[in-house]
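*Asks:* The structure's right below; bear with me while I get my questions together.
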Amino acid sequence: MTEHVSPEKLTAKDFASDQEVRWCPGCGDYAILKCLQRTLPELGTRPENTVFVSGIGCSSRFPYYMATYGFHTIHGRAPSVATGLKLANPDLDIWVVTGDGDGLSIGGNHMLHTLRRNVDLNILLFNNEIYGLTKGQYSPTSHLGTRSPSSPFGSIERPVSPCSFALGSGARFVARTIDTDQKHMPTVFKRAKEHKGASFVEIFQNCIVFNDAVFGEFTNREAAADLQLHAVHGEPLLFGKEREKGLTLNRDKLALEVITVGQGGKTIDDVLVHDETNPILAQMLVNMAPPDFPVVLGVLFCQPAESFETSVTKQIAAIIKKKPGASLDRLMRQGRTWEVKA
Amino acid sequence: MNEMSPKGAQKHLDFEKLESVVIRFAGDSGDGMQLTGSQFTSSTALAGSDLATFPDFPAEIRAPVGTTFGVSAFQINFGSTRILTAGDDPDVLVAMNPAALMVSLGYLREGGLVVVDTGAFSKRNLQKAGYEDNPLEDDTLAKFQVIELDISSMTLEAVKEFGLSKKDALRSKNMWTLGLMLWMFGRERKPIIEWLKSKFAKKPEIANANIAALNAGHAFGETSEMSSGIKRYQIGPAKTEPGLYRTVTGSETMAWGLVAGAKLADLKLVFGSYPITPASPILHLLSNLKEFGVITFQAEDEIAAICSAIGASFGGALGVTSSSGPGIALKTEAIGLAITTELPLVIINSQRGGPSTGLPTKTEQSDLYQAVYGRNGEAPLPVLSTCSPGDCFFVAIEAVRLAVKYMTPVMLLTDGYIANAAEPWKLPEIDKIKPFPASFAKEKTGDGDFNPFQRDPATLARIWAKPGTPGLEHRIGGLEKSFETGHISYDDDNHQKMTEVRAAKIQGIENDIPEQKVALGNGKGELAVVGWGSTFGPIDQAVSRMRAKGFDVSHIHIRYLNPFPKNLEKLLKGYKKVMVPEMNMGQLSTLLKDRFLLEVIPLNKVSGQPFKIRDIMSAIQKNLKGRSS
């Protein structure tokens with residue numbers, strides 16, 4: 001793959017490694033893999049400048065299937081390895097692939113700090129609400145009452161919302177998409193890659209073996225229109241088959257409400273317009289859930305700030321400028337020294 | 001260098017000449033004893049004496065005032081002879097309060113000198129220290145020479161013109177005491193005055209008050225009558241190799257060694273660390289060396305710290321992480337990742353008392369098992385140790401060299417004592433150290449995907465390919481990889497082979513390190529005393545003294561703990577007996593037995609205090625009964 005000179009000639013094949021993909025047949029991970037292999041060349045990405053870093057879990061096998069650089073690390077630590085890599089070479093385009101267990105349970109601490117530091121990484125969290133690789137235990141995102149080998153009578157832990165966690169951690173780019181939505185996913189990946197700083201993307205990913213159709217309520221074709229809301233910056237937050245339903249703010253309750261345009265005296269002007277720079281709105285949107293509300297998808301929050309590695313590099317450059325020609329020899333000879341004569 | 005007495009002190013010609021002196025400064029955590037000690041050290045070093053120090057402080061930042069558990073001490077041994085330890089028994093104890101006296105008096109040699117601040121011997125302070133009666137009034141101090149001085153009120157008097165509050169004014173009493181000690185041992189005030197001026201440049205009134213206190217203490221010695229029991233001592237300069245010297249702590253030399261090592265390897269240094277006692281000073285020092293392009297990353301925890309370093313090494317930089325025992329425990333899984341992905345990494349362990357949180361500010365050598373054996377799976381890595389503050393510089397460079405050349409994590413064991421202690425150090429000529437630039441794969445050879453596990457047949461090290469290089473795209477990870485292709489492999493024969501190759505690579509380092517030398521004594525004989533790490537000083541002094549008495553005993557100091565030097569087994573088997581003093585319960589003893597089926601006599605101490613020379617001398621005597629020639 002050394003011969004590629006002009007970026008536009010790359011195709012999905014150039015991003016596929018020669019390794020046989022070993023996820024379960026029908027796993028949502030295939031769709032995400034295909035989508036990325038297809039999208040990256042469209043974004044002018046170079047395989048040699050791209051690195052996929054993962055932790056442990058089904059999703060974390062991802063790097064082996066990409067013909068880019070890759071590092072399959074240890075459970076939960078991918079954000080930390082990726083941070084060191086980015087510090088060593090800020091020019092690399094680094095993608096972190098993690099899951100709900102890897103990224104929010106064992107690696108929750110690293111996720112929090114990586115997001116608040118705003119390291120320029122594209123973090124894809126495959127949320128399937130289950131531990132797949134260890135054969136189906138409930139995860140930190142499993143809904144209350146999930147029956148699993150380790151919770152035969154139903155889980156009794158309240159789940160964490162990945163996007164809410166990310167916003168709370170200070171993430172400056174938070175987006176959400178669905179594994180089966182081959183039209184929507186690329187748009188989100190594109191935005192994530194363009195965003196300089198930590199980009200957090202939650203992907204609803206179906207585990208066909210241990211947690212099949214856990215998102216079926218809003219991902220099946222019939223329900224999609226009524227229970228999915230695709231948020232677009234600057235446009236009204238509308239959904240429904242005829243885009244007749246919308247979100248409005250109940251100012252008395254400081255809460256979102258679903259209205260139908262043209263009913264009860266409500267007009268399009270009552271529908272909230274999506275502002276992706278508004279963290280309060282983002283926090284309200286990500287916490288909506290069926291059946292009363294649709295699930296929001298798309299770029300929910302984007303407010304860029306200087307990325308961590310940029311600040312690190314800048315600070316060092318400024319100090320080198322102030323103290324040029326650093327010499328260890330000179331440093332050690334500064335201060336109180338004395339000469340012993342022969 | 002011969003001008004031992006400050007100008008103006010010429011009238012005191014009755015110096016008592018001493019070869020060496022041990023002083024222990026002890027006071028409350030807030031009394032500034034570490035500062036007093038380190039300034040006395042600077043002035044002593046500038047006078048050309050050899051020296052070793054032992055800062056001995058509590059884990060609490062500010063324990064309740066006046067209590068015994070809040071006592072902070074600084075011991076210095078200096079002399080005109082070769083000094084390798086902070087001294088067995090202090091000759092002089094400076095006790096700034098009753099608690100300091102209570103805690104430290106037991107260390108003082110019989111007949112030694114006690115200097116006490118009577119101003120701090122109030123009824124309340126006596127009670128807090130646990131004294132029922134005032135030790136200055138009963139026979140507690142009968143076996144010692146005592147100088148009672150109301151340092152508190154003399155300090156207040158000395159700084160009164162600066163209009164400080166009583167509390168602030170009293171903070172200068174350490175400087176008053178230091179002034180007296182400088183006079184007593186004929187050391188210069190000038191470097192300390194300069195230091196005070198620069199430290200308090202923005203608060204001149206504080207600088208001036210401290211200088212006034214320092215001068216007042218000095219003047220007190222000068223003008224006091226001999227009948228007060230105050231004498232002066234002369235300790236000449238030590239005969240040391242010619243060259244330019246400075247005092248250094250092990251943390252400083254470690255930080256500099258890493259910077260030097262990275263430069264010699266032609267790599268960017270990325271240091272990932274998390275604060276922990278006693279390792280944090282390395283993080284602080286490197287954070288202040290950004291003009292060298294050093295990247296320091298204060299991670300959210302120990303695991304993120306090492307993982308960031310591993311990520312940096314994957315990216316073609318030199319990843320380094322540093323911690324102490326409990327933090328190293330947290331890093332363990334990631335060390336395994338670096339071993340199996342064969343990435344260069346330096347892991348520094350500033351050992352402290354364990355297990356668990358243990359004794360954070362006290363020294364132990366009890367992480368040797370952890371370093372050599374402490375990982376899941378077959379996971380060998382090179383283990384190096386440092387023996388003194390100055391030594392850290394060279395061992396850090398060596399750790400970098402081995403990590404890069406063999407594509408492996410290297411564990412570097414130092415300890416809290418070495419990290420904090422100071423010694424005079426002859427500055428090395430860095431440009432005379434041979435560079436060992438890292439080499440990176442340039443282009444792909446062969447068909448199919450690039451194989452990152454191609455090996456150098458001589459070192460067995462794998463090839464290092466930097467992300468960003470076209471054509472060398474590859475994936476590594478914690479799963480076992482094929483010897484042939486570098487892809488994931490669950491093949492049983494392959495795992496056997498890869499395990500053996502990784503082990504052979506580390507074992508092969510024995511061909512790339514110096515043969516084991518005898519530090520002192522003969523290449524064979526009755527008894528070898530074998531040590532590693534910071535016990536070098538007391539062992540060497542003990543062996544030296546016993547040899548002077550005619551005993552057939554030699555000192556062997558092991559720097560390379562895994563793999564051992566090639567000739568070590570043969571060398572050790574040339575002695576009738578091998579004794580291993582360690583600040584643990586026998587970890588090197590186990591390792592020597594494990595590797596060489598060697599019978600060894602352990603000598604163990606885990607009290608948090610360094611070995612005394614005397615301890616080792618009597619153990620030598622016991623094992624060589626009647627063998628003195």
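*Asks:* Please find, within the stretch B:432-491, the residue that is farthest from B:SER313 (Cα to Cα) out of those that are touching a Ser or Thr at 6+ places or on another chain (Cβ under 8 Å) and assigned to a strand (DSSP E or B).
*Replies:* Checked the stretch B:432-491; the qualifying residue farthest from B:SER313 (Cα to Cα) is B:ILE488.
*Asks:* Within the stretch B:185-219, track down each residue that is in contact (Cβ under 8 Å) with a residue 40 or more places away in the chain and among the basic types (Lys, Arg).
*Replies:* Those that are in contact (Cβ under 8 Å) with a residue 40 or more places away in the chain and among the basic types (Lys, Arg): B:ARG187, B:ARG189.
*Asks:* Among the residues of the stretch A:207-244, count how many are out of contact with any helix residue (DSSP H, G or I) (no Cβ under 9 Å at 6 or more places or on another chain) and farther than 23 Å from A:ASP29 by Cβ.
*Replies:* The qualifying residues number 7.
*Asks:* One residue is enough: does the stretch B:212-219 have a residue meeting the conditions surrounded by 19 or more Cβ atoms within 10 Å (Cβ to Cβ) and in contact with an Asp or Glu (Cβ under 9 Å, 6 or more places away or on another chain)?
*Replies:* yes
*Asks:* With (1) away from every other protein chain (no Cβ under 14 Å); (2) at pLDDT 95 or above; (3) in a helix (DSSP H, G or I); (4) under 24 Å from B:ASN77 (Cβ atoms) as the list, and B:TYR417 as the residue in question, which single condition is left unmet?
*Replies:* Status for B:TYR417: all satisfied but (2).
*Asks:* Continuing with this model, one more query. Within the stretch A:92-106, restricting attention to residues that are over 16 Å from A:ARG61 (Cβ atoms) and in contact with a helix residue (DSSP H, G or I) (Cβ under 7 Å, 6 or more places away or on another chain), which residue is farthest from the other protein chains (Cβ to nearest Cβ)?
*Replies:* The qualifying residue farthest from the other protein chains (Cβ to nearest Cβ) is A:LEU104.
*Asks:* Considering only the stretch A:36-46, state which residues are under 19 Å from the mean Cα position of the chain (by Cα) and in a helix (DSSP H, G or I).
*Replies:* Listed by number, the residues that qualify are A:LEU36, A:GLN37, A:ARG38, A:THR39, A:LEU40.
*Asks:* Let me ask something else about it. Any idea which residue in the stretch B:465-480 is nearest to the other protein chains (Cβ to nearest Cβ), counting only those that are within 37 Å of the chain's Cα centre (by Cα) and farther than 15 Å from A:ARG46 by Cβ?
*Replies:* Among residues in the stretch B:465-480 that are within 37 Å of the chain's Cα centre (by Cα) and farther than 15 Å from A:ARG46 by Cβ, the one nearest to the other protein chains (Cβ to nearest Cβ) is B:GLY477.
*Asks:* Considering only residues that are open to solvent by 20 Å² or more (accessible area, probe 1.4 Å) and either among the charged types (D, E, K, R) or within 13 Å of chain B (Cβ to nearest Cβ) (or both), which ones fall in the stretch A:26-41?
*Replies:* A:LYS34, A:ARG38
*Asks:* Can you find even one residue in the stretch A:279-300 that is part of a loop (DSSP other than H, G, I, E, B) and in contact with a Gly (Cβ under 6 Å, 6 or more places away or on another chain)?
*Replies:* no
Conditions (1) closer than 30 Å to B:PRO58 by Cα; (2) buried (at least 22 other Cβ atoms within 10 Å of the Cβ); (3) among the hydrophobic types (A, V, I, L, M, F, W, C), marked per residue:
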residue: B:ALA396; (1), (2), (3): yes, yes, yes
residue: B:ALA419; (1), (2), (3): yes, yes, yes
residue: B:THR459; (1), (2), (3): no, no, no
residue: B:ARG475; (1), (2), (3): no, yes, no
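*Asks:* Please identify the pairs in which a residue from the stretch A:331-342 that is at the interface with chain B (Cβ under 7 Å from one of its Cβ atoms) has its Cβ atom under 8 Å from the Cβ atom of a residue that is among the β-branched types (Val, Ile, Thr) and not in a strand (DSSP E or B), counting only partners at least 6 apart or on another chain.
*Replies:* A:VAL340/B:THR240
*Asks:* Filter the stretch B:481-508 for residues that are aliphatic (A, V, I, L, M) and surrounded by 19 or more Cβ atoms within 10 Å (Cβ to Cβ); which is nearest to the chain's Cα centre (by Cα)?
*Replies:* B:ILE506
*Asks:* Checking B:ILE303 against (1) touching a strand residue (DSSP E or B) at 6+ places or on another chain (Cβ under 6 Å); (2) within 25 Å of B:GLY477 (Cβ to Cβ); (3) not small (Gly, Ala, Ser), which single condition isn't satisfied?
*Replies:* The failed condition is (1).
To keep it simple, each residue is scored yes or no on (1) among the polar types (S, T, N, Q); (2) more than 14 Å from every other protein chain (Cβ to nearest Cβ); (3) more than 21 Å from B:THR535 (Cα to Cα).
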{"residue": "B:ILE328", "(1), (2), (3)": "no, yes, yes"}
{"residue": "B:LEU345", "(1), (2), (3)": "no, no, yes"}
{"residue": "B:SER350", "(1), (2), (3)": "yes, yes, no"}
{"residue": "B:SER356", "(1), (2), (3)": "yes, yes, yes"}
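*Asks:* For the stretch B:543-602, name all the residues that are at positive phi and in contact (Cβ under 8 Å) with a residue 24 or more places away in the chain.
*Replies:* B:GLY550, the sole residue that qualifies.
*Asks:* Out of the residues in the stretch A:42-83 meeting the condition of being of a type in the set (D, E, K, R) and more than 8 Å from chain B (Cβ to nearest Cβ), tell me which one is most open to solvent (accessible area, probe 1.4 Å).
*Replies:* For the stretch A:42-83, the residue satisfying everything is A:GLU42.
*Asks:* Okay, moving on. Among the numbered conditions (1) of a type in the set (A, V, I, L, M); (2) modelled with pLDDT under 95; (3) crowded, with 19+ Cβ neighbours inside 10 Å, tell me where A:VAL340 comes up short.
*Replies:* Just one mismatch for A:VAL340, condition (3).
*Asks:* Have a look at B:ASP493, B:ASP512 and point out the one that is without any contact (Cβ under 8 Å) to a residue 12 or more places away in the chain and farther than 26 Å from B:GLU423 by Cα.
*Replies:* Only one candidate qualifies: B:ASP493.
*Asks:* Looking only at the stretch A:150-186, which residues are outside any loop (DSSP other than H, G, I, E, B), aromatic (Phe, Trp, Tyr) and open to solvent by 30 Å² or more (accessible area, probe 1.4 Å)?
*Replies:* Matches in the stretch A:150-186: A:PHE165 only.
*Asks:* Just to be sure before I move on: is A:ASN109 closer than 24 Å to A:LEU36 by Cβ and touching a helix residue (DSSP H, G or I) at 6+ places or on another chain (Cβ under 9 Å) in the structure I sent?
*Replies:* no
*Asks:* Is it the case that some residue within the stretch B:123-145 is under 21 Å from B:GLY32 (Cα atoms), over 31 Å from the mean Cα position of the chain (by Cα) and among the small types (Gly, Ala, Ser)?
*Replies:* For the stretch B:123-145, residues under 21 Å from B:GLY32 (Cα atoms), over 31 Å from the mean Cα position of the chain (by Cα) and among the small types (Gly, Ala, Ser): absent.
*Asks:* Might you let me know whether the stretch B:170-187 holds any residue that is open to solvent by 50 Å² or more (accessible area, probe 1.4 Å), at pLDDT below 95 and closer than 27 Å to A:TRP338 by Cβ?
*Replies:* There is no residue in the stretch B:170-187 that is open to solvent by 50 Å² or more (accessible area, probe 1.4 Å), at pLDDT below 95 and closer than 27 Å to A:TRP338 by Cβ.
Per-residue answers, yes or no, for (1) open to solvent by less than 60 Å² (accessible area, probe 1.4 Å); (2) touching a strand residue (DSSP E or B) at 6+ places or on another chain (Cβ under 8 Å); (3) not in a strand (DSSP E or B):
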residue: A:ALA223; (1), (2), (3): yes, no, yes
residue: A:ASP226; (1), (2), (3): yes, yes, yes
residue: A:LEU229; (1), (2), (3): yes, yes, no
residue: A:HIS233; (1), (2), (3): no, yes, yes
residue: A:ARG243; (1), (2), (3): no, no, yes
residue: A:GLY246; (1), (2), (3): yes, yes, no
residue: A:LEU256; (1), (2), (3): yes, yes, no
residue: A:LYS266; (1), (2), (3): no, yes, yes
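The values are calculated or read from the model by the stated rules, or taken from the named source; none is laboratory data. All of these numbers come straight from a predicted model, not from anything done at the bench. Cβ coordinates were reconstructed from backbone atoms using ideal geometry, including for glycine residues, and neighbour counts include every protein chain displayed. We work out accessible area using only protein heavy atoms, side chains counted, and drop any ligands, DNA or RNA first. Shrake-Rupley method; radii C 1.70, N 1.55, O 1.52, S 1.80 Å.
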